[in-house]
Amino acid sequence: MAQVLYCISPQEVGPTMVGDEHSDPNLMNYLGATKRNMLGNHFWEYYVNDAPRIVLDKLENCGYRVVSMTGVGQTLVWCLHKE
């Protein structure tokens, strides 16, 4: 089964958003992610204080590969895929 994951960071040094409320809790635990709800949002998100390069290295060790990357304003977004 294919899986897609995204990482979002407003800057190159972190924090990095790594998932939403429906993300795999085991993967979020492996990444050391914390679940939070920002004031005004009606959803939860997982984030880590690590820089994106650290998060991407951890995800590569789990079998994820970057398939695309883009910048949205000052935010960086990576899409990853795992077979």
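The figures follow:
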item: Å² of accessible area per residue within the stretch 2-82, as computed with a 1.4 Å probe and no ligands counted; result: 63
item: HN-Hα J in Hz across the stretch 22-38 - Karplus 6.51, -1.76, 1.60, θ = phi - 60°, x for Gly and Pro; result: 9, 6, 4, x, 5, 5, 5, 5, 4, 6, x, 7, 10, 8, 9, 10, 6
item: Binned Cα-Cα distance frequencies in the stretch 2-82 - 5 Å width, integer %; result: 3, 15, 28, 29, 18, 6, 1
item: The chain, relative contact order in percent, only Cα pairs under 8 angstrom and at least six apart counted; result: 38
item: Within the chain, longest stretch clear of exposed chymotrypsin sites (Phe, Trp or Tyr not before Pro) (DSSP loop, no more than 14 other Cβ within 10 Å); result: 1-42
item: Computed helical MRE - 222 nm, the chain, DSSP H runs ≥ 4 contributing -39500 (n - 2.57), nearest 500; result: -5500 deg cm²/dmol
item: Listed residues N29, N41, N61, most fluctuating in the chain (Gaussian network, C-alpha, under 10 Å); result: N41
item: Amide hydrogen neighbours beyond the local backbone of D50, cut-off 5 Å, H modeled; result: T16
item: Other-chain or far-sequence residues with amide H under 5 Å of G19's (modelled H); result: Y46
item: Size of charge dipole - the stretch 20-83 - debye, nearest 20, with Cβ of Lys, Arg +1 and Asp, Glu -1, no other charges; result: 100
item: For the stretch 44-57, Karplus couplings with θ = phi - 60° (6.51, -1.76, 1.60), whole Hz, Gly/Pro x; result: 9, 9, 9, 9, 10, 7, 5, 5, x, 4, 5, 4, 5, 4
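The values are calculated or read from the model by the stated rules, or taken from the named source; none is laboratory data. Treat the numbers as computed from the prediction; the structure is a model and nothing was measured. Virtual Cβ from ideal backbone geometry, glycine too; neighbours counted across all protein chains shown. Side chains are part of the model used for accessible areas, which takes the heavy atoms of the whole protein and leaves out ligands, DNA and RNA. Shrake-Rupley method; radii C 1.70, N 1.55, O 1.52, S 1.80 Å.
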